[in-house]
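The block underneath contains the structure these notes are about, expressed in structure tokens.
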Amino acid sequence: MMALAQTRLDQLSARIAGLHFPSTGWQGKARGDALSRLGEVGLPAARDEYWRYTAPAKLTAAEVKADVSKGEVAFDETDALRVVFVDGVFDAAASDDLAMDGLEIVRLADAVTDIHWAAEIYGQLETKGQTPVVRPLATLATAFATDGLLIRVTGKATRPVHVVYIGKSDTSDAILHHCVMLEKGAEMTLLESGDAAARFTSNLEVDVAEEARFHHVRLQGRNADRRVNTHIFARIAEQSTFKSFTASINGTMTRNEAVLDIVGDDAIAHVAGATVGDGRDFHNDDTVFITHAAERCESRQVYKKVLKNGATGVFQGKILVKPGAQKTDGYQISQSLLLDGDSQFLAKPELEIYADDVKCSHGSTSGAIDDTALFYLRSRGVPLRRAQSLLVLAFLAEALSEIEDEALAEDLRLRLEDWLDRHEG
Amino acid sequence: MSRSASKGLWANIMLNIKNLHVKLEDEDKVILRGVDLTVEAGKVHAIMGPNGSGKSTLSYVLSGRDGYEVTDGSAELEGEELLDMDPEERAAAGLFLAFQYPVEIPGVGNMTFLRTALNAQRKARGEEEVSAGDFLKLVREKAASLKIDADMMKRPVNVGFSGGEKKRNEILQMALLEPKMCILDETDSGLDVDAMKLVADGVNALRSEGRGFLVITHYQRLLDHIKPDVVHIMANGRIVLTGGPELALEVEKNGYTDILAGVE
């Protein structure tokens, strides 16, 4: 590989200068490896193909300063085991007791034994997810994560684990790395909500063994100054289920990447998202890469974005069907509702198929509120603003219906409705 | 005060349209050329006329749809000017349009829609909102009489409904919202005889002393089931002939061309 240009090396040095690098213990090798990979590829730059629609500067700048006062913690009605991180640091006092039937949770910073089950996952799924498209900020998170959770699911978890992020310092620069391993037939629901820090870079590696079921629902809520780049890397085995949903409200720079590798037959992988944004400072990017490497698997991508007053939404979604992945059923839809002429939606749907007996469909649309439907509602006495909200929520409903648990879906629906009430006109 | 005085004056006049002129907003195309029409409370008026005569435009203009410009005239509901109101204000004032093509709204449940509409109107009139329990009871009762099953109520508004189901859903809305002035735009279009009878029964059940009806139709057959008190013939943007129910039969027998030839 060619050596990195000096300017990119300088940029990388500046970004990692103040970061903590724990090079010892079972994570040492993965972190060292990540650091050298990072040295080869550098940080994302505006001209990189996968950053064409999203300027990486806010995520790669050496320092950050952002308002963290508007974070939104969700799912308060759901009985869950709460794990709290403040500015990216585990807060034992604010967290519940980590013991639960069916799973073990260890804090990454406490996992100091020489041999650890997570060694087989930590940085491994991330490394695999670098091909064919590099994701340097995920590599950075593997190298420099200061904390995170290692969750081993051995049975059916009795209640969800809710990771609550609280940002307090307006210069906090949190880098977290979570690993989840679901053993054969195990089940768990992972919830995430809140704003982690002034800037948040994270990895979530999920290894879903045969017949296991993993559900993930998260809220990125309300803070208009949010800067976040999350990555999910999942390995999805035979007859297992992986489902992830993200509601993203406001945020000046949000990039959520999901790299799902379906490696076992008859597996299911769904990712979905609902996004709402108002104003020129709003930028939201969902970048998804799903690889089908086994037979009779189903994947779904359902993304809906509501954009107004010059907001920008991005969707890059790819389905790769490898040779031999017969009877693949791949579905991808990305849609935006543009509430005015200033907002924009940039979509890059991709299909790459090397098997001959597959069913793959994708669609991408941008549109305005349907005038006829609006008039119909008003003619029945529904006031204009309420009619608009109803139609916007109706637009988001298809994405929200991807969430299996109705109470969780309702929680997010109400938050989106609340946003619409606050952003009328 | 002047408002209530004028209300008293028009005590039994529900809808009063005077010299209504309307053109398309974006084009120099005139559609209504001086419509005069008065509908009394308790009466059913029918408007018949050939395609393109302006019947549907009249219903849209009265209910406040975008795309039209009123260049002259007025339309009052119980003495209040409709043309100054937003569509939702017209609805709260008691106007209801049963659409020729009811709109499908994916993602909005029929029940949510009906309850939102009912409560929005009640709120606009300063009335108390209907509780979820009372609403459910009310809907069940009205739906049963129109043979609308629970499944239809659970689905998104008009999505996957047959033509007949859509029209029945319109009448259900009318029954729930209890408007003072009902306009039915080509409600018979796309219906077979049985479906038409069901819809007509629903409309007839709503006929009352305090309510006016304007039934817009191309064919006479709907008027066999919803018997009008007065029949108007509309042509080229104007009411050109007014008479009793026998006028509808004449249309059926001789067609519009003959009748209109007699007028002009």
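The values are calculated or read from the model by the stated rules, or taken from the named source; none is laboratory data. Everything numeric in this text was worked out from a predicted model, so none of it was measured. Counting neighbours? That spans all protein chains shown, and the Cβs are built from the backbone with ideal geometry, glycine included.
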Exercise. Could you please let me know if A:LYS128 is in contact with an Asp or Glu (Cβ under 7 Å, 6 or more places away or on another chain), surrounded by fewer than 24 Cβ atoms within 10 Å (Cβ to Cβ) and under 14 Å from A:ILE232 (Cα atoms)?
Key: yes
Among B:ASP258, B:ASP192, B:ASP224, B:ASP201, the single one that is charged (D, E, K, R), in contact with an Asp or Glu (Cβ under 9 Å, 6 or more places away or on another chain) and surrounded by fewer than 20 Cβ atoms within 10 Å (Cβ to Cβ) is B:ASP258
Those residues of segment A:1-40 which are closer than 17 Å to A:ILE175 by Cβ, hydrophobic (A, V, I, L, M, F, W, C) and in a helix (DSSP H, G or I) amount to A:LEU12, A:ALA14, A:ILE16, A:ALA30, A:ALA34, A:LEU35, A:LEU38
Can you spot a residue in segment A:373-392 that is under 30 Å from A:TYR50 (Cβ atoms), at pLDDT 95 or above and either surrounded by fewer than 17 Cβ atoms within 10 Å (Cβ to Cβ) or not β-branched (Val, Ile, Thr) (or both)?
no
- Query: basic (Lys, Arg) and crowded, with 22+ Cβ neighbours inside 10 Å, is that true of B:ARG168?
  - Reply: yes
Being surrounded by fewer than 17 Cβ atoms within 10 Å (Cβ to Cβ), within 30 Å of A:ALA347 (Cβ to Cβ) and aliphatic (A, V, I, L, M), is that true of even one residue in segment A:44-54?
yes
For segment B:231-250, the count of residues that are farther than 19 Å from B:GLY34 by Cβ and either of a type in the set (Val, Ile, Thr) or under 16 Å from the mean Cα position of the chain (by Cα) (or both) equals 1
Here the residues within segment B:36-86 that are within 14 Å of chain A (Cβ to nearest Cβ), on the phi > 0 side of the Ramachandran plot and over 16 Å from the mean Cα position of the chain (by Cα) are B:GLY67
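If you take just the helices (runs of 4 or more DSSP H) that sit entirely in segment B:87-197, which of them hold at least 2 residues that are more than 13 Å from chain A (Cβ to nearest Cβ)? If you could, list the steps in order and put the result at the bottom.
Numbers: elements: B:87-93, B:110-124, B:132-145, B:150-154, B:163-177.
By residue number, B:132-145, B:150-154, B:163-177.
Any idea which residue in segment B:204-221 is surrounded by the fewest Cβ atoms within 10 Å (Cβ to Cβ), counting only those that are part of a loop (DSSP other than H, G, I, E, B) and more than 14 Å from the chain's Cα centre (by Cα)?
Only one residue tops the list, namely B:GLU209.
Among the residues of segment A:224-234, is there at least one that is outside any strand (DSSP E or B), on the phi < 0 side of the Ramachandran plot and surrounded by fewer than 23 Cβ atoms within 10 Å (Cβ to Cβ)?
Taking segment A:224-234 first, the residues outside any strand (DSSP E or B) are A:224-226.
Now narrow it down to the ones that are on the phi < 0 side of the Ramachandran plot: A:224-226.
Those left that are additionally surrounded by fewer than 23 Cβ atoms within 10 Å (Cβ to Cβ): A:224-225.
Looking for residues that are outside any strand (DSSP E or B), on the phi < 0 side of the Ramachandran plot and surrounded by fewer than 23 Cβ atoms within 10 Å (Cβ to Cβ), one finds at least one in segment A:224-234, hence yes.
So that you can scan it fast, the table gives a plain yes or no per residue for (1) charged (D, E, K, R); (2) in a strand (DSSP E or B); (3) surrounded by fewer than 21 Cβ atoms within 10 Å (Cβ to Cβ):
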{"residue": "A:ASP265", "(1), (2), (3)": "yes, no, yes"}
{"residue": "A:THR275", "(1), (2), (3)": "no, yes, no"}
{"residue": "A:ASP281", "(1), (2), (3)": "yes, no, yes"}
{"residue": "A:SER299", "(1), (2), (3)": "no, yes, no"}
{"residue": "A:TYR303", "(1), (2), (3)": "no, yes, no"}
{"residue": "A:LEU307", "(1), (2), (3)": "no, yes, no"}
{"residue": "A:GLY310", "(1), (2), (3)": "no, no, yes"}
{"residue": "A:VAL314", "(1), (2), (3)": "no, yes, no"}
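Given the structure, is B:LEU32 touching a helix residue (DSSP H, G or I) at 6+ places or on another chain (Cβ under 7 Å) and more than 14 Å from every other protein chain (Cβ to nearest Cβ)? Lay out the reasoning, then the answer.
Numbers: touching a helix residue (DSSP H, G or I) at 6+ places or on another chain (Cβ under 7 Å): yes; more than 14 Å from every other protein chain (Cβ to nearest Cβ): yes.
So B:LEU32 fits the description; yes.
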Kindly indicate whether any position in segment A:96-114 is closer than 22 Å to A:GLY167 by Cβ, in contact with a helix residue (DSSP H, G or I) (Cβ under 8 Å, 6 or more places away or on another chain) and either part of a loop (DSSP other than H, G, I, E, B) or modelled with pLDDT of 95 or more (or both). no
Selection from segment A:60-80 of residues at pLDDT 95 or above and either at positive phi or of a type in the set (S, T, N, Q) (or both) yields A:THR60, A:PHE75, A:THR78
Residues of segment A:393-406 being more than 17 Å from A:ILE333 (Cβ to Cβ) and within 13 Å of chain B (Cβ to nearest Cβ), in sequence order, are A:LEU393
Residue set A:ALA294, A:ALA347; condition surrounded by 20 or more Cβ atoms within 10 Å (Cβ to Cβ) and outside any strand (DSSP E or B); output residue A:ALA294
### Task
Within segment A:235-258, identify whether any single residue is surrounded by fewer than 24 Cβ atoms within 10 Å (Cβ to Cβ), in a loop (DSSP other than H, G, I, E, B), among the β-branched types (Val, Ile, Thr) and in contact with a strand residue (DSSP E or B) (Cβ under 9 Å, 6 or more places away or on another chain), and answer yes or no.
yes
Scanning segment A:316-334 residue by residue, those surrounded by fewer than 22 Cβ atoms within 10 Å (Cβ to Cβ) and either aromatic (Phe, Trp, Tyr) or at negative phi (or both) turn out to be A:LYS318, A:LEU320, A:LYS322, A:PRO323, A:GLN326, A:ASP329, A:TYR331, A:ILE333
Reported set for segment A:352-383 where residues are within 7 Å of chain B (Cβ to nearest Cβ) and of a type in the set (A, V, I, L, M, F, W, C) is A:ALA373, A:PHE375, A:VAL382
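Matching residues to (1) within 20 Å of B:ARG122 (Cβ to Cβ); (2) modelled with pLDDT of 95 or more:
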{"site": "B:GLU141", "(1), (2)": "yes, no"}
{"site": "B:PRO156", "(1), (2)": "no, no"}
{"site": "B:GLY160", "(1), (2)": "no, no"}
{"site": "B:MET174", "(1), (2)": "yes, yes"}
{"site": "B:ILE216", "(1), (2)": "no, yes"}
